[in-house]
């Protein structure tokens, strides 16, 4: 794999443990696909199953959620400068997607499929475990933030009811 691909991969936090080990990143590049999405393309759809995790290399995506009434609202914008991953829950769990991701510009991503990652994990457990841990930390961080947001809304609702 090219040095450029390895350096692109090394900027993402889940590969932090391997920044100085290009041989490990080269092995990861063997299971990674390069994907390009035109503007306004649906990458992940809330409620649908999926097995891919993405690394945002170039461009900007929007994160959207649906209300119980079915209305879509934007939760966040993510850009390549943020070195973000999305869809990482699909690597750990076979379940429906929790949000919709749409390209807001021309987008380039790396993509890892769960099945490929599972095979890689069996062949290279010492290289997969640190990545699993970092994915789990990212998910736990989002869960903590969601819990804080929930409590903020709950407290506001209680204050409103109390008048």
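Need the full-extension length gain, residue 79 to residue 94, defined as separation in residues times 0.36 nm minus the C-alpha distance. One decimal, nm.
Numbers: separation 15, 0.36 × 15 = 5.40 nm, distance 2.64 nm.
Full-extension gain reported as 2.8 nm.
When all alpha carbon pairs of the chain are counted in 5 Å bins from zero, the resulting P(r) reads 2, 8, 15, 20, 20, 14, 9, 5, 3, 2, 1, 1, 0 %. Here the translational diffusion coefficient of the stretch 15-59 follows from Stokes-Einstein with Rh set to the Kirkwood radius across Cα pairs; for 4 °C and 1.567 mPa s it amounts to 99 µm²/s. Note on residue 136 and residue 31: the model spin-label points, each 7 Å out from Cα along the C-beta direction, lie 1.7 nm apart. Computed from Cα positions, the angle between helix 125-162 and the longest principal axis of the chain comes to roughly 10 degrees.
Compute the Rg/Rh shape ratio of the stretch 38-129: radius of gyration over Kirkwood radius, all on alpha-carbon atoms. Please report the intermediate quantities before stating the final value.
Details: Rg = 14.1 Å, Rh = 13.9 Å.
Radius of gyration relative to Kirkwood radius: 1.01.
For a Förster distance of 30 Å, can you work out the FRET efficiency between the beta-carbons of residue 11 and residue 129, rounded to the nearest 0.05? List each step's numbers first, then the result.
Values: r = 21 Å, r/R0 = 0.69.
According to the calculation, E is roughly 0.90.
Sorted fewest first by neighbouring Cβ atoms within 10 angstrom, 144, 114, 11 come out as 144, 11, 114.
Each reported figure results from applying straightforward, stated rules to the coordinates on display, with no laboratory input. The model shown is predicted, which means the values in this text are computed figures rather than measured ones. Using ideal geometry, Cβ is built from the backbone for each residue, glycine included, and neighbour counts are taken over all protein chains shown.
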